[in-house]
Amino acid sequence: MEQETLKNWRRLTDSEEVDLIPYIHDWMESNPGHKIYIGCDSQNKGRTTTYATVIVLHYPSGGGHVLYRREKIEKIASSFERLWKEVELSVETANLLIDSGLGKPDCIDVDLNPDPKYNSNHLLRAAVGLIESMGIKARYKSKSPWAISIADSMCKCGGKKKTFRKIKKANRTK
């Protein structure tokens, strides 16, 4: 699956496709003191499930640069399976960075809720355990994870320019 994970990454600012590993390597060298966050979200619509995985390249002075990858697959009806695949895609992306010599991301943001009244809560402990076993910090809904809010917008709006403006405005209010 690693080869698949390398494909179809784009910059949020202009939707241009990037060669992921060299792109991040160059960005990291130009931005010492940076942070990297990874997250994934999904949405069922019609007969498909859309996943959006994002890598937030956070500048030391504030603000960020976003890379994303969207994929549509046959609909996953089970919310548990769909949410767990979000975790898997984020972990797979983190492993890709690690295996390529770029190091560990600072955080993996998961779209899971710590409140037991939500179904996603049942997966939270397993997801956090998996991520933290890799030596990476896990963030979830109450911790205001940026990568998840961006991934959510990417699922709903498909990477259009209005999405970028909406994300920038939303992140200014946080």
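Taking each residue of region 42-53 that is within 12 Å of E71 (Cα to Cα) and looking for partners that are aromatic (F, W, Y) and surrounded by 18 or more Cβ atoms within 10 Å (Cβ to Cβ) with beta-carbon atoms closer than 8 Å, six or more apart or interchain, yields S42/Y51; A52/Y68; T53/Y68. Restricting the search to region 104-139, which residues are under 19 Å from H25 (Cα atoms) and free of Cβ contacts under 8 Å to residues at least 40 places away in the same chain? If the condition is that a residue be under 19 Å from H25 (Cα atoms) and free of Cβ contacts under 8 Å to residues at least 40 places away in the same chain, then K104 is the only one that fits. If you check A151, A126, A138 for being at pLDDT below 80, among the small types (G, A, S) and not in a loop (DSSP other than H, G, I, E, B), only one passes: A151. G46 meets each of the listed conditions (1) within 17 Å of C157 (Cα to Cα); (2) in contact with a strand residue (DSSP E or B) (Cβ under 8 Å, 6 or more places away or on another chain); (3) surrounded by fewer than 14 Cβ atoms within 10 Å (Cβ to Cβ) apart from (2). Counting only helices (runs of 4 or more DSSP H) that sit wholly inside region 1-113, those with at least 1 residues that are at pLDDT 95 or above and within 13 Å of the chain's Cα centre (by Cα) are 79-99.
Among residues that are among the polar types (S, T, N, Q) and buried (at least 20 other Cβ atoms within 10 Å of the Cβ), T93 is included.
The values are calculated or read from the model by the stated rules, or taken from the named source; none is laboratory data. Only a predicted model underlies this, so the values are computations on that prediction, with no experimental measurement involved. Virtual Cβ from ideal backbone geometry, glycine too; neighbours counted across all protein chains shown.
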